[in-house]
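Below is one structure, written out as structure tokens, with a few remarks after it.
The values are calculated or read from the model by the stated rules, or taken from the named source; none is laboratory data. Remember, it's a predicted structure, so these values are computed and weren't measured experimentally. As a convention, Cβ positions derive from the backbone with ideal geometry for all residues, glycine included, and neighbour counts pool all protein chains shown. Side chains are part of the model used for accessible areas, which takes the heavy atoms of the whole protein and leaves out ligands, DNA and RNA. Shrake-Rupley method; radii C 1.70, N 1.55, O 1.52, S 1.80 Å.
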Amino acid sequence: GCGGDTTTDTADDSTTDTADTTETTELSGTVNTNGSTSMEDVMGTLIEAFKEVQPGVTVNYTGSGSGAGITGAQEGTCDIGLASRDLKEDETGVSQITVAKDGIAIIVNPENPVSDLSIEQIAALATGATANWSEVGGNDAEVVFMGREAGSGTRDGFESITGTEEACVYQNEYTSTGEVVAGVASNPNAIGYASLSAVEGDDTVKILTVGGVAPSEETVLDGTYEIQRNFNFIINDSTALSDAAQAFVDWATSTEASDLIAGAGAVPVAE
Amino acid sequence: MTMQPLSGRRRAYDRVLRFLLYFCATLTCALLIFIIGYIFVRGLPHVTWEFLSTEPSYINDTIGILPNITNTIYIVVVTLIIILPLGVGAAVYLTEYAKNQKLVASIEFATETLTGIPSIIFGLVGMLFFCELLGLQASLLAGSLTLVIATIPTIIRTTQESLKTVPQSYREASLGLGSGKWHMIRTVVLPSSIDGIVTGCILAIGRIVGESAALLFTAGMGMSMNDFFGSVSNFMHSSGSSLTVALYVYARERAEFDVAFAIAAILMLLTLIINLAASLVGRKLKKK
Amino acid sequence: MNATKQKIRPMEWIMNAVFFICGFIAIVFVLFISIYLIISGLPAIREIGLVDFLFGTEWASTAAEPKFGILPFILTSIYGTCGAILLGVPVGFMTAVFLAKVAPPKLAAVVRPAVDLLAGIPSVVYGLIGMMVLVPAVRKAFDLPDGASLFCAIIVLAIMILPSIISVSETALKAVPPEYEEASLALGATHIETVFRVSVPAASSGIAAAVVLGIGRAIGEAMAIIMVAGNVANMPSLFSSVRFLTTAVASEMAYASGLQRQALYSIALVLFIFIMIINIALNTLLKRKKG
Amino acid sequence: MSSIIEVKDLNLWYGAHHALHSVNIDIPEHEITALIGPSGCGKSTFLKTLDRMNDLVQGVKIKGTVAYRGQDIYAPGVDVTWLRKQIGMVFQKPNPFPMSIYDNVAYGPRTHGIRSRAKLDEIVENSLRSAAIWDEVKDRLKKSALGLSGGQQQRLCIARALAVEPEILLMDESTSALDPISTSKIEDLAVELKSKYTVIMVTHNMQQAARVSDNTAFFLLGDLVEYGKTEVLFSTPTDKRTEDYITGRFG
Amino acid sequence: MSSIIEVKDLNLWYGAHHALHSVNIDIPEHEITALIGPSGCGKSTFLKTLDRMNDLVQGVKIKGTVAYRGQDIYAPGVDVTWLRKQIGMVFQKPNPFPMSIYDNVAYGPRTHGIRSRAKLDEIVENSLRSAAIWDEVKDRLKKSALGLSGGQQQRLCIARALAVEPEILLMDESTSALDPISTSKIEDLAVELKSKYTVIMVTHNMQQAARVSDNTAFFLLGDLVEYGKTEVLFSTPTDKRTEDYITGRFG
Ligand SMILES: Nc1ncnc2c1ncn2[C@@H]1O[C@H](COP(=O)(O)OP(=O)(O)OP(=O)(O)O)[C@@H](O)[C@H]1O
Ligand SMILES: Nc1ncnc2c1ncn2[C@@H]1O[C@H](COP(=O)(O)OP(=O)(O)OP(=O)(O)O)[C@@H](O)[C@H]1O
Ligand SMILES: [Mg+2]
Ligand SMILES: [Mg+2]
Ligand SMILES: O=P([O-])([O-])[O-]
């Protein structure tokens, strides 16, 4: 979900803005991006707006998880990889460009009376140490913990911040953000995690406050909402980007795109 | 000489089996009606002209499947253009030319094996070979080439089947009149088996349209409009999802169930049309 | 009149070459897949060790100390396929008998295209219905934390193999020479007796082929069951979330790298070997029918 | 001799095609009756009306009566399975079931409820003996019947028909697919069988009719043109068409 | 009369199966030669060696010479299509192409390069006349050949074979699938044709051989047992096996 009117205005603005600066080159070609499903809203918005900037360039987005984005950039199956986590030491041959920050929202079914959990409580729910909702002030019902596949940046972020690496007991391992949201929405006893940008304004699930802090642009930016990570472009070091791809990266990481990113629910970082 | 009626035991046997037959047939039909009905009821209301003729927009928060339709057409056309000549040619070679029976038998076994290989395996090999090794990236072209490998055995087999139904006596008669082999094939064999070839072709289209696992990892899941015939580089590098992959993505990853059902309804209609076309063509050409 | 002067026919020669090339390319494709799979599937097995790989009960491909045991996948695939066969074959077989031998021609003429339609429906559509109708229904009916399970996968697979079982068995039943049935009727057997005592045994190898084909379909299906099976690498049990061989490949393929990725190729190789075995069985069955 | 079958005014249509025109014929018990006539004249059609095998064909309409031992077999309530047990049939092409020789012969008795192994053994042996094939197959009863030669298969089919103890045996060109030596064996067999059964055989081969049968019926385009003692019909046919046909120079 | 075909020491193997054993035979021009013998004795096999149709069978090995007008047809460099134009063949089952009657007959001439419509019309008419079927089909030349009756189809196949103006016509049991009346038409036709063509026919039917042919060759298990003038062979066979076969009581 993205706010209709204002975003459209911003897109128009940016078109007029860039028309002055990049008038010199009319690029054409196809840019394939692949990776993080958390970045779907952000990418969708950016791609659509970029069409106005460079009508000759088609940017494609495939949402297959951050791991796939990094592998794709390494193997050359896409031009730009997308990852909702930072590169690890053993992930070589590629480098990252951060486009935004994003909170990881802890979501439960709207029927669930629980509305605030501490990080420790969340970890206990995830590892199965807490197996019944009544233990954290909810109904007497079995906890159903839903999460993401191993390649997910969201999962990586969630597990490392909550300290539950390799200890989570998943009832379901979904391969995208949307699925987790749908899974939690359809099961009254479910708890899961998903990109804040994807669930903001979505009333099919309830976003919990963590240690009393509600996730928002401000709390993510100032760090009070702890469960957060970066949205990154992953670029192969050895193959040069095409002109079209380079133009897209430059534009997306510039301030011109900030409003668009914010409109899509993430936190822009460009200064 | 009086007439003895059927013994009770025989009558019971008859009744029980008859009941089971009707029961199972009814079950199958009920399943089918449920599936079709459910898809149409949930899907058709969302199929609008707008839905069919636009591309999705994040800014306006709308979804349209025009890109998926054009991607599907791209894949069908490119795949068919490659497999038709190749598959029919190979079938002709195997049934009419190849001398070494053992070789033919082993190739037939190989094609048969290939038809049984799960498409996820084709996806895996296609990704490794076309996307990475040949550097096509995840693109519609890589997807089409993967489908070429996946469907060529089907074309070979259906063509071979229909070539084999051409009576040997036609061939003998033609050769007996002093025709050469190609002349015989062109004037007698191919005309008599054309219906089978066309039907096989339509069924191959069906298979391509219905394919998802092999495309998911080779052609990408993009939803935006491609201009793939704009330039050679676009033709090579456009990526995106076909209708089936889009269905999967909307249903699984985006939880846009109405969109998924609408695509499902469209796919059902397509399947219906393809099946009808296959049986019509088969019947019409047979009559001729 | 001159027998020794052989006319030169360039067209004949060219077409011969063209067809040969087509045949050759097709064969190359076939060989390519097999060889590629074997080559890329072997290294991981060598590194993990065949026994650990095939009989390891834990799959944790991304853990700090990764484990690559695919027994859960193998067992899930086997259980899932067996379940689908147990449900699908009796129904499919009886439907085929009905269509081929019992149904009034007009009714059969309506049902048969319907069965063809069922066969042509893309597997994601089955997955969609499974995920939207079956999974919630199973969750409610059996009061489970979550409905996505082996059970749902079995039902979806059973429905998906139904059309191929029906059409292959029906073809086999129809190919039974009418003389057999006439002979049986002329001896005073009833129609149903004739069908089950003469036609069905006479078509048995064809029906067996249908079953084997169904097994092949079921074991190779990925997209429909990835939508209903939950996809956690558990050891299989009827109502738990499970991964099949196919879905194991599908779920990690996009992001796997290094040994994990090679292990996926090895899973594909195992799957390929299963399919080969099934195909050889199918081939012998069909041969026996011809012979 | 008494008639076992009496056909009165029998008409048969396949859809709109009138295939039998008012056929009247009485078939005497314990004799061989041959049906001859050119291809398509309705011989097989007529034969099949006798054990109601035509019931299986879509769109058949039958008028007139066929009485078997005085009982109209087309009357309502007649049990066809019982009728077909009384009237066995041997077809043009040998059609043994794809089972063992033993199971082929035992098929009929089993269908009619005989389960006892000893009883079945006895029936199988007797039937195979009656069909003059026992000696050739007694050592391979468990082998597939499809491994037999054409002539053996046809005798096996006769044995199979005999195993349900019919009264009448219908044979539709049952030798036409066979080589001369097998043909002669089956002809001999037919002659032997007539002491216990009534045989009605369709044949294309006039010499066979002349050699084997007691009575001959000549059909032409759905009409029963002439019917009588075989010697009489072949030596002094009363109808010009019969004469034309049997003096045609064909063998 | 002179021989058009001279076969010397012809041996043929299907894989390991030795199907023809040193056959020696000279076939005179403008006569009808009949090949008789029990099923599987190699009649068809022998016939097919004459126009090299056996080339199509996998694993055939041939030794010996077959000379057509003095030229060895198995010599290297012989153009089979030319040979098959000289030696026409009519098969057991009528096998017209699924095209119009006209196109069936015109198929051969077209294959051999005749394009002129007038020329083709003439050839088609002449061939159909020679095959004694012109009157029956002249009004439906554009209709599908598959609509003809079996006997008509077979005569059409003969017309098709004649249209390429062969010198020899091979007929492999070309009447066995037909009714007596069609059979007689084709027999008459064969007799008529021998003024222009040499006819070699395989037949199961000894009376047909006796009625129609000038010379008869008797094959048994791959051996040419006896060969000579038809009257002589049927009245005073020299070989005991020939006598046994032709005096069998079968028609
Ligand atoms: N099932 C059927 N449906 C329609 N017409 C049929 C059917 N069976 C036979 N006929 C027609 O009825 C007529 C008599 O056929 P029938 O088979 O009784 O001839 P026949 O004397 O046995 O010939 P043949 O010697 O060739 O066996 C033929 O014209 C035939 O075409
Ligand atoms: N293509 C083949 N491959 C192997 N063996 C064959 C082939 N064709 C014929 N034979 C064998 O060669 C022998 C001669 O066959 P052929 O067809 O010449 O007999 P025939 O005299 O024409 O018999 P019929 O009267 O039944 O037509 C038979 O034993 C047959 O089984
Ligand atoms: Mg008949
Ligand atoms: Mg022959
Ligand atoms: O899809 P992810 O952003 O969780 O990798």
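With the alpha-carbon atoms as the only input, what is the per residue convex hull volume for the range B:135-184 in Å³?
On the way: hull volume 4.2 nm³, N = 50.
In the range B:135-184, the Cα convex hull volume per residue is 85 Å³.
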- Task: Write down the radius of gyration of the range A:116-165 and its Dmax, each obtained from C-alpha positions, in Å.
- Result: 11.4, 33
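So with the 1.4 Å probe, I'd like the accessible area per residue for chain E, rounded to whole Å². Write down the numbers at each step before the final one.
Details: 10040 Å² over 251 residues.
Accessible area per residue, chain E: 40 Å².
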- Note on the structure: Distances in nm between the label point of residue D:176 (7 Å along Cα→Cβ) and its equivalents in the other copies, shortest first, are 1.5
- Toy charge model, Lys and Arg Cβ at +1, Asp and Glu Cβ at -1: chain A dipole around Cα centroid in debye, rounded to 20, equals 680 debye
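Given the rule -39500 (n - 2.57) for each run of at least 4 DSSP H residues, summed and divided by the residues of the protein assembly as shown, what is its mean residue ellipticity at 222 nm, to the nearest 500 deg cm²/dmol? Provide the component values of the computation, followed by the final result.
Details: 56 runs with 683 residues, N = 1352.
The helix-only estimate for the protein assembly as shown comes to -15500 deg cm²/dmol at 222 nm.
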- Item | residue E:99 long-range amide H proximity, modeled H, under 5 Å | E:145, E:146
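Could you give the size of the charge dipole of the protein assembly as shown about its Cα centre, using +1 on the Cβ of each K and R and -1 on the Cβ of each D and E, expressed in debye and rounded to the nearest 20?
Values: 106 positive and 138 negative charges, 1720 e Å.
Roughly 8260 debye for the protein assembly as shown.
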- Message: For a quick check of your reading of the filter: which trypsin sites (Lys or Arg not before Pro) in the range D:48-136 sit in a DSSP loop and have no more than 10 other Cβ atoms within 10 Å?
- Response: D:115
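Kyte-Doolittle mean at least 0.5 and Cα extent at least 27 Å along the axis: which DSSP H helices of chain B qualify? Could the numbers behind the result be given before it?
Working: long enough: B:8-43 (51 Å, 0.94); B:66-92 (38 Å, 1.94); B:140-164 (34 Å, 0.89); B:190-210 (29 Å, 1.40); B:257-287 (44 Å, 1.49).
Passing helices, by number: B:8-43, B:66-92, B:140-164, B:190-210, B:257-287.
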- Message: Compute a Gaussian network model of chain C, connecting alpha carbons closer than 10 Å, and tell me which residue from C:162, C:107, C:173 fluctuates the most.
- Response: C:107
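State, as an integer percentage, the relative contact order of chain C based on alpha-carbon contacts under 8 Å between residues 6 or more apart.
Details: 373 pairs, mean separation 72.5, N = 291.
Relative contact order here is 25 percent.
So how much accessible surface do C and A hide from each other in total, probe 1.4 Å, in square angstrom to the nearest 100? Mind showing how you got there, number by number?
Details: alone 16550 and 11600 Å², together 26710 Å².
Counting protein atoms only, the buried area is about 1400 Å².
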- Task: Using the 7 Å Cα-to-Cβ label point, sort the distances from residue D:21 to its equivalents in the other copies shortest first and give them in nm to one decimal.
- Result: 5.6
- Message: Please list, ordered by chain and number, the residues whose modelled amide H lies under 5 Å from the amide H of residue C:232; skip anything fewer than 5 residues away on the same chain.
- Response: A:173, C:242, C:243
- Item | Debye equation applied to the C-alpha atoms of the range E:3-246, log10 I(q)/I(0) at 0.11, 0.16 Å⁻¹ | -0.57, -1.17
- Message: I'd like the Karplus ³J(HN,Hα) series for the range D:156-163: coefficients 6.51, -1.76, 1.60, θ = phi - 60°, whole numbers in Hz, and an x wherever there's a Gly or Pro.
- Response: 4, 5, 5, 4, 4, 5, 5, 4
- Distance in nm between pseudo-label sites at residue E:229 and residue B:48 (7 Å out along the Cβ direction from Cα): 10.0 nm
- Item | Range of Cα positions in chain A per principal axis (Å), largest first | 65, 41, 30
- Query: Along the three principal axes, how long is the range B:65-287 when you take its alpha carbons, biggest first, rounded to the nearest angstrom?
  - Reply: 64, 40, 33
- Mean per-residue count of partner chain Cβ within 10 Å for A:137-150 equals 2
- Query: For residue B:102, which lysines qualify as cross-link partners when the Cα separation must be under 24 Å and same-chain residues fewer than eight apart are set aside?
  - Reply: B:164, B:181, C:287, C:289, C:290, E:61
- Message: List, by residue number, every residue in the range C:20-35 with a reduction of 10 Å² or greater in accessible area between the chain on its own and the complete protein assembly, 1.4 Å probe.
- Response: C:20, C:22, C:23, C:25, C:26, C:27, C:29, C:30, C:32, C:33
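Would you please give the FRET efficiency between residue C:32 and residue C:281, computed as 1/(1 + (r/R0)^6) with r the Cβ-Cβ distance and R0 = 35 Å, to the nearest 0.05?
On the way: r = 24 Å, r/R0 = 0.69.
E(calc), rounded to 0.05, equals 0.90.
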- Message: Once the label point is set 7 Å along the Cα-to-beta-carbon vector, what list of distances in nm do you get between residue D:143 and its counterparts in the other copies?
- Response: 5.1
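Scanning chain A for helices, which whole DSSP H stretches are 15 Å or more long along the axis (Cα) and average 0.0 or more by Kyte-Doolittle? List each step's numbers first, then the result.
Numbers: long enough: A:4-21 (26 Å, -1.34); A:40-53 (20 Å, 0.30).
Those that pass (Cα extent of 15 Å or more, hydropathy at least 0.0) are A:40-53.
Which whole number gives the average count of other chain Cβ atoms within 10 Å of the Cβ atoms across peptide C:90-97? Numbers along the way, then the final one.
Details: counts 2, 7, 2, 2, 9, 9, 4, 5.
Counting other chains' Cβ atoms within 10 Å and averaging over C:90-97 gives 5.
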- Message: Whole-Hz ³J(HN,Hα) for each residue in the range C:114-119, computed from phi via Karplus 6.51 cos²θ - 1.76 cosθ + 1.60 with θ = phi - 60°, x for glycine and proline: what do you get?
- Response: 5, 5, 4, 4, 4, 5
- Quick one: which residues, 5 or more positions from residue A:228 or on another chain, have an amide H under 5 Å from its amide H? H modelled 1.01 Å from N in the peptide plane, none for Pro or chain starts. A:104
- Note on the structure: Asked for the total accessible area buried by C and B (1.4 Å probe, Å², nearest 100), one would answer 7000 Å²
- Would you mind calculating the relative contact order of chain A from Cα pairs under 8 angstrom and at least 6 residues apart, reporting the percent as a whole number? 29 percent
- Note on the structure: Calc'd 3J(HN,Hα), the range C:83-90, phi into Karplus 6.51 cos²θ - 1.76 cosθ + 1.60 (θ = phi - 60°), Hz, glycine/Pro = x, comes to x, 4, 5, 4, 7, x, 5, x
- Item | Relative counts (whole %) of C-alpha pair distances in the protein assembly as shown, using bins that are 20 Å wide | 9, 30, 29, 19, 11, 2, 0
- Do you know which residues of the range A:154-178 lose at least 30 square angstrom of accessible area in the protein assembly compared with their chain on its own, with a 1.4 angstrom probe? A:166, A:171, A:172, A:173, A:175, A:178
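Can you work out the accessible area per residue across the range B:1-152, with the rest of the protein chains kept in place, probe 1.4 Å, in square angstrom?
Values: 6450 Å² over 152 residues.
I get 42 Å² per residue for this part.
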- Note on the structure: Within the range D:157-249, pairs of Lys residues whose Cα atoms are less than 22 angstrom apart, provided they are eight or more positions apart or on distinct chains, add up to 5
- Note on the structure: Result for chain C: accessible area per residue, probe 1.4 angstrom, in square angstrom, of 38 Å²
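What number does the range C:1-114 give for Rg over Rh if you use C-alpha atoms and the Kirkwood radius?
Values: Rg = 27.3 Å, Rh = 20.9 Å.
With Rg and the Kirkwood Rh in hand, the quotient comes to 1.30.
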- At 20 °C in a medium of viscosity 1.002 mPa s, the range D:141-251 has a Stokes-Einstein diffusion coefficient, with Rh taken as the Kirkwood radius over alpha carbon pairs, in µm² per second, of 139 µm²/s
- Message: Give me the base-10 log of I(q)/I(0) for the range E:23-167 at each q in 0.13, 0.19 Å⁻¹, Debye formula, one uniform scatterer per Cα, rounded to two decimals.
- Response: -0.67, -1.20
- Message: So if I place +1 on the C-beta of Lys and Arg and -1 on the C-beta of Asp and Glu, and nothing else carries charge, what would the dipole magnitude of the range D:3-246 be about its Cα centre? I want it in debye, nearest 20.
- Response: 880 debye
- Query: Arranged from highest to lowest average of other beta-carbon atoms within 10 Å per residue, in what order do the peptides E:155-168, A:202-215, D:88-101 appear?
  - Reply: E:155-168, D:88-101, A:202-215
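Sort the following peptides by mean Cβ neighbour count (other Cβ atoms within 10 Å, averaged over residues), highest first: B:249-261, A:55-67, D:172-184. Kindly include the intermediate steps, with their values, before the conclusion.
On the way: B:249-261: 23.3, A:55-67: 26.0, D:172-184: 19.3.
Packing proxy ranking, top to bottom: A:55-67, B:249-261, D:172-184.
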- Buried solvent-accessible surface, both chains (C, D), 1.4 Å probe, Å² to nearest 100: 1600 Å²
- Query: What percent do you get for the relative contact order of the range E:3-246 when only Cα pairs under 8 Å and 6+ apart count?
  - Reply: 28 percent
- Message: Need the per-residue list for the range B:169-202: every residue with at least 40 Å² less accessible surface in the complex of protein chains than in the chain by itself, probe 1.4 Å, sorted by number.
- Response: B:170, B:172, B:173, B:175, B:176, B:177, B:178, B:182, B:183
- GNM of chain C, Cα pairs under 10 angstrom: of C:149, C:77, C:204, the biggest fluctuation goes to C:204
- Query: Tell me, what is a quarter of the convex hull surface for the C-alpha atoms of the range C:59-290, in nm² with one decimal?
  - Reply: 14.5 nm²
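Considering only protein heavy atoms and a 1.4 Å probe, what is the carbon-and-sulfur percentage of the accessible area of the protein assembly as shown?
Carbon with sulfur: 58 percent of the solvent-accessible area.
Tally the DSSP beta bridges in chain A and give the antiparallel ones as a percent, rounded to 5.
Values: 23 of 41 bridges.
If I count the DSSP bridges inside chain A, around 55 percent turn out antiparallel.
I'd like the mean, over residues of B:265-274, of how many other protein chain beta carbons sit within 10 Å of each residue's own Cβ.
Values: counts 1, 0, 6, 5, 0, 2, 8, 5, 0, 3.
Counting Cβ atoms of other protein chains within 10 Å of each residue's Cβ and averaging gives 3.
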